[in-house]
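Following: one structure in structure tokens, then a few remarks.
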Amino acid sequence: MPTAGSEKMFSRVLFVLCTLYWLNFTWAQFPKVCTENNESVRIKECCPNNCGGPGRGECVRLPNGTHDEYRANDAEKQRLQTLDDRHNWPHVFFERGCRCHGNFDSYDCTECKFGYMGNDCQTKRPKLVRKNIKMLTPKEREDYFNVLNKAKKMNESEFSIVINTVRPQNEIPIFTNVSAYNRFAWMHYYAARDALVNCTDSASGFCNINDFAHEGSGFPTWHRAYLLIWERALQKIAKNDSLTIPYWDWRDQQNCDVCNDVYFGENEPITGHLDKRLSIF
């Protein structure tokens, strides 16, 4: 007999596997070409550009990536989905989407999977090396920060975010436009917020569990995918396929050695918050 703990662990593993398997559809969340089309939203279908055309992809019914491990009855399921739409992901938004063939990728199968390039997506990309941020040259550091700053100021051209994530089950989702940078901030929030589940150790029968993105088995896999998507977005903004995101080696650090004017700005001595006067961010 599985325990509640093992069921929760299994659900997290399944959530990660389903999300990664359908990465070509979920990697960007909500394409504007679909969210700005009332008919697409109404019939819950997002298959733009005929999924790239013959040989690239096809429009199929998406699997429901949520595992019904909590054995909730119909009333409980409706309540769960009202409070947390991730319990019915992605069907709460779209039930049909593109399944890309071969090395084709993206929500409409017009791009290549990570690691491939070319019109037929058969050519392997040269390997890129991410640098320690402390090892960047002044020019590399300036170029990277400029791209980040541009992402914060420019409108996201391809994708929307949903703003009414807590809503009655049959209410139409409301999508809105954000900056390219804030789309990724929202994606991180959406995956990381605590999940509402059916549990037996609560008087109400419902409780919050740790977020899937950080406090479970999904931490390394989810963030690897997230960083790849973020890196590709920055490459598009910079129009530079060789751009990489640097890393910060925080091992054995007693203090934040990138919290200074050279990198991300100083902290205010009283509040401890970022001193925005000294940072482009």
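As a summary of the residue check, Arg99 satisfies the conditions (1) within 19 Å of the chain's Cα centre (by Cα); (2) open to solvent by less than 60 Å² (accessible area, probe 1.4 Å) except for the one numbered (2).
A search for C-beta distances below 8 Å between a residue of the range 114-132 that is open to solvent by less than 100 Å² (accessible area, probe 1.4 Å) and any residue that is of a type in the set (Phe, Trp, Tyr) and assigned to a loop (DSSP other than H, G, I, E, B), counting only pairs 6+ apart in sequence or on different chains, returns Asn132/Trp248. Restricting the range 59-96 to residues that are of a type in the set (Phe, Trp, Tyr) and open to solvent by 20 Å² or more (accessible area, probe 1.4 Å) leaves a set whose member that is modelled with the lowest pLDDT is Tyr70. Output yes when any residue across the range 38-56 is within 20 Å of Thr176 (Cβ to Cβ), buried (at least 16 other Cβ atoms within 10 Å of the Cβ), at pLDDT 90 or above and aliphatic (A, V, I, L, M), and no when none is. Checked the range 38-56: at least one residue is within 20 Å of Thr176 (Cβ to Cβ), buried (at least 16 other Cβ atoms within 10 Å of the Cβ), at pLDDT 90 or above and aliphatic (A, V, I, L, M). When restricted to residues that are exposed (fewer than 12 other Cβ atoms within 10 Å of the Cβ), assigned to a helix (DSSP H, G or I) and modelled with pLDDT under 90, the range 220-272 contains 1. Is there a residue in the range 5-13 that is under 26 Å from Leu228 (Cα atoms), at pLDDT below 95 and buried (at least 18 other Cβ atoms within 10 Å of the Cβ)? Among the residues of the range 5-13, at least one is under 26 Å from Leu228 (Cα atoms), at pLDDT below 95 and buried (at least 18 other Cβ atoms within 10 Å of the Cβ), which makes the answer yes.
The values are calculated or read from the model by the stated rules, or taken from the named source; none is laboratory data. Owing to the predicted nature of the structure, the values given are computational and were not obtained by experimental measurement. Every residue, glycine among them, receives a Cβ derived from its backbone with ideal geometry; neighbour counts consider all protein chains shown. Note: accessible area is taken over every heavy atom of the protein model, side chains too, but ligands, DNA and RNA are not part of it. Shrake-Rupley method; radii C 1.70, N 1.55, O 1.52, S 1.80 Å.
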